[in-house]
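*Asks:* My questions will all concern the structure given below.
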Amino acid sequence: MRIVVISDIHLALRASSLLENWRVVARWIAEAHPDLVVRLGDISLDGASNPAELREAANILADLGVPIRFLPGNHDIGDNPIAPDVPTEHLLDLARLEEYRVLFGLDRWSLNAGAWRMIGLDAQLFGTATAEEKAQFDWLGNELRSGAGPLGLMLHKPLFRNGPEDREPHVRYVTEAPRRRLLAMLGCHELRFVLSGHAHQSRRLLRDGVEHRWAPSTAFCLPDGMQERIGDKEVGILTLTLSGNNHCFAMTRPEGLLRHNILDHPQLYPGITTLRVRLGVEAAL
């Protein structure tokens with residue numbers, strides 16, 4: 001089975017440069033004919049604040065012509081707290097989550113591919129102490145009891161920077177307490193990989209026999225002055241091939257896909273203009 005994995009496409013009609021990058025990716029998908037496309041969140045430019053952009057993204061993606069599974073990101077439905085009692089700039093909006101489900105389907109899912117099981121989770125629920133978070137953990141427990149074999153996990157946010165022992169709260173990673181619970185649930189299963197987006201960097205990290213893979217954005221990168229460089233600041237897509245009990249990731253940058261610097265597009269997000277002045281338009285990617 002061949003799966004195309006796309007993350008952080010940040011679509012809206014007003015974001016013409018990012019929309020053109022998406023058209024490049026869509027043409028590549030049409031020629032590649034994968035078995036499945038998975039989108040790892042931040043589908044919309046700012047659907048969490050503007051629901052019209054969530055609907056615009058759904059309309060843009062409606063005619064891809066291949067099976068698709070979606071997962072939400074912080075720009076789609078809001079964000080989770082990074083730690084207890086730590087305020088979040090745009091907290092998870094449960095009304096937006098319901099709209100997301102109408103437009104894109106369930107925010108958690110599982111599928112079988114030969115010997116493999118793949119599970120997609122809503123990372124924006126972790127640490128929210130909501131009924132939705134509890135329901136997702138209950139659902140995951142039932143899914144894990146229902147079968148065996150190699151397992152792959154997909155979600156918007158990476159689980160950690162360096163390893164399960166990380167303690168520092170950070171908006172980039174899954175909150176510590178639910179991460180510990182999640183890893184404990186997965187510990188007695190044959191977890192092979194954890195696939196995430198969100199960071200706008202590509203990275204491969206092996207921990208305890210599990211491959212942690214970060215999918216880059218197709219839209220833009222953030223300069224070093226805004227964001228720590230951990231992996232590779234590039235744009236592109238991942239291809240995941242499942243064969244027997246084996247898996248393989250491959251990075252692709254379709255011809256014509258531009259590596260935008262977010263500072264060059266100050267109209268897209270509030271606050272970018274101020275950062276652009278402070279860091280300089282030539283801030284290194």
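*Asks:* Quickly rank 101-108, 124-131, 62-69 as a protection proxy: mean count of other C-beta atoms within 10 Å, highest first. Don't jump to the answer; show the numbers that get you there.
*Replies:* On the way: 101-108: 16.6, 124-131: 20.5, 62-69: 12.6.
Put in order of decreasing packing, that is 124-131, 101-108, 62-69.
*Asks:* Considering amide H positions built from the backbone, and no H for Pro or chain starts, which residues 5 or more places from H212, or on another chain, come under 5 Å of its amide H?
*Replies:* When sequence neighbours closer than 5 places are left aside, the close amide H contacts are V194, L205, L206, R207.
*Asks:* OK, next. Write out the GluC sites (Glu not before Pro) in the range 30-133 meeting two conditions: DSSP loop, and at most 11 other Cβ atoms within 10 Å of their Cβ. Walk me through the numbers before you get to the answer.
*Replies:* Working: sites: E31, E53, E56, E89, E98, E99, E132, E133; in loops: E89.
Answer by residue number: E89.
*Asks:* To the nearest Å, what is the center-to-center distance of the range 36-87 and the range 203-269, using C-alpha atoms only?
*Replies:* Each part reduced to its Cα centre gives a spacing of 17 Å.
*Asks:* Okay, moving on. What are the ³J(HN,Hα) values, in whole Hz, obtained from phi via the Karplus relation 6.51 cos²θ - 1.76 cosθ + 1.60 with θ = phi - 60°, for each residue of the range 235-252 in sequence order, with x given for Gly and Pro?
*Replies:* 10, x, 9, 10, 10, 10, 10, 10, 9, x, 9, 9, 9, 8, 9, 9, 8, 9
*Asks:* Name the long-range amide H neighbours of I68: under 5 Å, sequence gap of 5 or more, or other chain; modelled H, no Pro or chain starts.
*Replies:* V37
*Asks:* Which loop trypsin sites (Lys or Arg not before Pro) in the range 1-63, with loop taken from DSSP, have no more than 16 other Cβ atoms within 10 angstrom of their Cβ?
*Replies:* On the way: sites: R2, R14, R23, R27, R39, R55; in loops: R14.
Passing sites in the range 1-63 are R14.
*Asks:* Here's something else I'd like to know. As an exercise, use a Förster radius of 25 Å and the Cβ-Cβ distance of H33 and L206 to find the FRET efficiency, rounded to the nearest 0.05. Don't skip to the end; give the middle numbers.
*Replies:* Numbers: r = 31 Å, r/R0 = 1.23.
Efficiency for this residue pair is about 0.25.
*Asks:* Between H198 and residues 5 or more places away or on another chain, which pairs have amide H atoms under 5 Å apart, with H built 1.01 Å from N, and which residues are they?
*Replies:* D8
*Asks:* Classify the chain: rounded, prolate or oblate, from the alpha-carbon gyration tensor (a ≥ b ≥ c, eigenvalue square roots; a/c under 1.5 rounded; otherwise prolate if a/b is larger than b/c)?
*Replies:* On the way: a/c = 1.41, a/b = 1.22, b/c = 1.16.
Cα axes put the chain in the rounded bin.
*Asks:* Separation between the E234 and D264 pseudo-spin-labels, each 7 Å from Cα along Cα→Cβ, expressed in nm?
*Replies:* Result: 1.8 nm between the two label points.
*Asks:* Order the peptides 204-212, 261-269 from the highest to the lowest mean number of other Cβ atoms within 10 Å of their residues.
*Replies:* Working: 204-212: 14.3, 261-269: 17.7.
Ranked by mean Cβ neighbours within 10 Å, highest first: 261-269, 204-212.
*Asks:* To continue, here is another question. Could you tell me which of rounded, prolate or oblate describes the range 155-248, using a ≥ b ≥ c as the square roots of the eigenvalues of the alpha-carbon gyration tensor, with rounded for a/c under 1.5 and, failing that, prolate when a/b is larger than b/c and oblate otherwise?
*Replies:* oblate
*Asks:* For the pair S146 and E98, what calculated FRET efficiency results from E = 1/(1 + (r/R0)^6), where r is the Cβ-Cβ distance and R0 = 25 Å, to the nearest 0.05?
*Replies:* Details: r = 26 Å, r/R0 = 1.05.
Working from the Cβ atoms, E equals 0.40.
*Asks:* Right, another one. Which percentage, to the nearest 5, of the DSSP beta bridges contained in the chain is antiparallel?
*Replies:* Numbers: 22 of 47 bridges.
Taking every DSSP beta bridge within the chain, about 45 percent pair in antiparallel fashion.
Values quoted throughout were computed directly from the atomic coordinates according to the rules given, and no laboratory measurement underlies them. Fair warning: this is a prediction, and the values are worked out from it, not measured in the lab. All Cβ positions, even for glycine, are placed from backbone atoms using ideal geometry, and neighbour counts span all protein chains on display.
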